Each structure stands twice: as structure tokens, then as C-alpha cells.
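Colleague: Right, I'll just put the structure down here and ask away after.
Every number in this text was worked out from the coordinates using simple rules, so none of it is lab data. Here the structure is a predicted model, which is why all the values come from computation and not from measurement. Every residue, glycine as well, gets a Cβ built from its backbone with ideal geometry; the counts of neighbours run over all protein chains shown.
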């Protein structure tokens, strides 16, 4: 085996190791497929036990730093219970997917991951190639919009509790670091880290959600902790539950704009956010960029950012609304 092949090798667990119970209404299987960069992606396939012929299909990923056994799998399985063939996949360099170095993100490669998922779905005999949707959660919401802007095969897109990772990386939360000086300091720190990583031959991790939070931690960090660091959402392969991204991962995001062509998306889009989500401003800004009468902004009353990961204690994910959106636009 070549070094390149070894770096891209994947090992798939056959155990049910999700953070949600297995449904008796769907068939579950594992799958792999390659993206345009040659990286092998790992996915869970959820197929309705009822119905026949070619299904409308949806590819799901996110949150940013999560794995398919967490929120994306829950969305995918629930939508399969409602009649769609779905996949939840691990992005390049994370989870069970291949790629080296581990735990790095890229606006280009991760957009391609969504397109590779579409490639895979269209290749299946039980999928209607004219009825393909995508759904991105958290940072993958912004990436889903970027994929929708470039991939004309995608007919409907949901961005749930979305982040614009390029905006938050370049400008900080709530645009509090939106200055050339602040960006220069971030770039300098990450490039200094590159020197250290090159010298050591390893990639230092930035840390996931901390095991313990200070008493004055913002509410959204407490919400992240309640999901990623407790039995509710913890997973051994999840970056956010454990060591986090490598410290230089954000370099490519600080120098890009994911939503540059969002206004050119002609197909249907739903932006879905919690009323109390700290991330709500990302979705509302993105919605203002969209054009056409096939775009929806849905605000879930009382819900926080993480409530739309798994419903929280409010059953907050509006699956009826999401199902209706896909049924209307995947036909």
C-alpha cells in the first residue's frame, strides 16, 4: 500500500454507536465514496422500509466539529422515516472519513464533500437524480449554501442553525474583531503555529469544548457543553467532544467568503434558526442575500443554537416544516 493510500484508508464500525436510538422504520447501511480530491468519505445510509422505485434523496452533514453519529445522523434517520433516502457523512479529515492531516477543515474541500455526496446519491439505482437535496447544520449550513451556489444538481437546501465559518473566523463572534489589525494578529499566530507543526512533524490541536467551564462562560458555551460533553451528545470520534481542530485549520477560512455567490442560488433554500440562538445573525444575514420567492427563513420560538442539534428538551426541530419544504421542492 502506498503512503497516499494508507493515509486515505478508512475503517468503518459496524456497531450502532450513535447518540440516538435506531429506528425500526428504516434500513441502515454503511457506505464510502471519494470526493474530487481523492479523499474517501464515510457515510451512514438511511432508507425507508416502505416505498419502492426511486426516492428523493438528501445528504446531511454537520455540525462543525461533529460526526455523523451525532446531529446529522439524527436528521438523516428522521427524514428517512418520513420517506426520503438520506445519508449522513463525515467530512474529509474527520470521523471515519479519510484524509491527512486529521482534524482540519477547508472551505473548498468541505464544499466538495457535499458535492461528492451528491455524486454518490445520483449513482444509486434507488435515487431519483432530479430530486436531490442537502442539509447542513451549524458551520455546515454555510457550506451547504456554498455548495448550492455551485452545484446545479441540488434542488433544495436547508441550513439549520447555521454559522458562516468564514465570517466568524475573520471577524470574531458578533463581528467584534472585524479589523485588519485583528485579522493580522490571528494570521500571525496561526503562521507561527505552522512553523512549530512543521518542526515537530505533528499538528497541535486547539482543544474541543472544555471539560469544565468558568462560571462566567457565555450561555452558548454552556449549551455546547451540555451537548458535546454529556451523554446527550458526546461521541468518541467527535472533535468538539474531545481534542478539537488543529490550530492552523482556520487559516483558509480567514481568507475566503463562503456566501459570496449566495444571491445567485436559484433553487429553494430554507434558513432555520432558533429564536435564542447566538448564531441567528449568520442565518438572517444569509437570508438577506438570497433572491427569489422560493426562499424561507424559519425562526423556532424559544430555541437555542444547540436545541436544533437534537431537539433539546423542547422537541425543537420542526421536522414537519422541513419535510414539507423538501416535498414541495423535490418533485
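Colleague: Given the options 315, 223, 90, state which has the largest fluctuation in a GNM of the chain using a 10 Å cut-off (strictly under) for Cα springs.
Modeller: Sorting by GNM fluctuation, first place goes to 315.
Colleague: Using label points projected 7 Å from each Cα along Cα→Cβ, tell me how many nm separate residue 173 and residue 200, to one decimal.
Modeller: About 2.6 nm, to one decimal.
Colleague: Relative to a virtual label point 7 Å from the Cα of residue 281 in the Cα→beta-carbon direction, which members of segment 60-76 show backbone nitrogen distances below 18 Å?
Modeller: Answer for segment 60-76: none.
Colleague: Suppose we look only past 15 Å in the calculated P(r) of segment 204-260. What percent of the Cα-Cα pairs does that tail hold?
Modeller: Numbers: 909 of 1596 pairs.
Roughly 57 percent, rounded to a whole number.
Colleague: When the helices in the chain are scored as -39500 (n - 2.57) per DSSP H run of 4 or longer and the sum is shared across all residues, what 222 nm value do you end up with, to the nearest 500 deg cm²/dmol? Spell out each step's value before the answer.
Modeller: Working: 11 runs with 112 residues, N = 331.
My calculation for the chain gives -10000 deg cm²/dmol from helical runs alone.
Colleague: Here's another thing I want to ask about it. For segment 251-331, calculate the relative contact order in percent as a whole number, restricting contacts to Cα pairs under 8 Å that are 6 or more residues apart. If you can, show how the numbers build up before the last one.
Modeller: Working: 97 pairs, mean separation 22.5, N = 81.
Once normalised by length, the contact order is 28 percent.
Colleague: Which of the following values of Rg/Rh (Cα atoms, Kirkwood Rh) was calculated from the structure shown: [x] 1.06; [y] 0.94; [z] 1.15?
Modeller: [y]
Colleague: Another question, then. Between 142, 133, 201, which gets the highest mean-square fluctuation from a Gaussian network model of the chain, Cα cutoff 10 Å?
Modeller: 201
Colleague: With springs only between Cα atoms under 10 Å, which of 301, 205, 121 fluctuates most in a Gaussian network model of the chain?
Modeller: 301
Colleague: Could you tell me the center-to-center distance, by alpha carbons, between segment 98-123 and segment 127-145 in angstrom?
Modeller: Cα centroid of segment 98-123 versus Cα centroid of segment 127-145: 12 Å apart.
Colleague: Mean separation of Cα pairs under 8 Å and 6+ residues apart, divided by the residue count of the chain: what relative contact order is that in percent? Show your work: numbers first, answer last.
Modeller: Details: 698 pairs, mean separation 57.7, N = 331.
Contact order relative to length: 17 percent.
Colleague: Next up: Quote the relative contact order of segment 136-252 in percent (integer), defining contacts as alpha-carbon pairs under 8 Å separated by 6+ residues.
Modeller: Values: 119 pairs, mean separation 23.9, N = 117.
RCO, segment 136-252: 20 percent.
Colleague: Something else now. Applying a 10 Å radius around every beta-carbon, put 37-44, 171-178 in order of their mean neighbour count, most first.
Modeller: On the way: 37-44: 21.2, 171-178: 13.0.
Ranking the peptides 37-44, 171-178 by packing returns 37-44, 171-178.
Colleague: Could you work out how far the C-alpha centroid of segment 19-69 sits from that of segment 286-328, in angstrom?
Modeller: Cα centroid to Cα centroid, the span is 20 Å.
Colleague: Let me ask something else. Write down the radius of gyration of segment 178-227 and its Dmax, each obtained from C-alpha positions, in Å.
Modeller: My reading of the Cα-based Rg and Dmax gives 15.2, 38 Å.
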